[in-house]
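Let me begin by presenting the structure, written as structure tokens, before commenting on it.
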Amino acid sequence: MNCPKCKSYDVRPSRRKGIIEHVLSAAGVWPFRCQRCYKRYRKVTLGRPIHHKTHGGEADPGIALDPTDEIASR
Ligand SMILES: [Zn+2]
């Protein structure tokens with residue numbers, strides 16, 4: 001995965017803005033931003049994009065699964 005504009009590999013997951021990008025993320029399309037030219041673009045990604053670099057103490061809760069989906073009361 002790299003930037004379509006400057007071909008840099010220094011791209012990071014971007015914050016989703018608006019209902020449209022939330023809907024797109026549910027379909028596997030996540031926004032990214034290039035750290036070199038700051039171009040913002042969307043890309044199909046399997047699962048949630050993960051920051052590989054941790055800055056110490058920055059905990060990412062990830063996807064909170066809803067237990068009521070799996071455990072149905074009989
Ligand atoms: Zn770029």
Quick query: amide H of LYS43 versus all other amide H atoms, modeled in the peptide plane; which residues come in under 5 Å with a sequence gap of 5 or more or a different chain?
TRP30, PHE32
Where the centroid of each part is defined by its Cα atoms, how far is the range 29-51 from the range 1-22 in Å?
2
Tell me the net charge near HIS22. Cut-off is 13 Å between Cβ atoms, HIS22 excluded, with +1 for each Lys or Arg and -1 for each Asp or Glu.
+4
Three-way shape label, the range 1-48, alpha-carbon gyration tensor, a/c 1.5:
prolate
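Taken together, the values in this text are just the output of simple stated rules run on the coordinates, not laboratory data. What you are looking at is a predicted structure, and each value in this text was computed from that prediction instead of being measured. Virtual Cβ from ideal backbone geometry, glycine too; neighbours counted across all protein chains shown.
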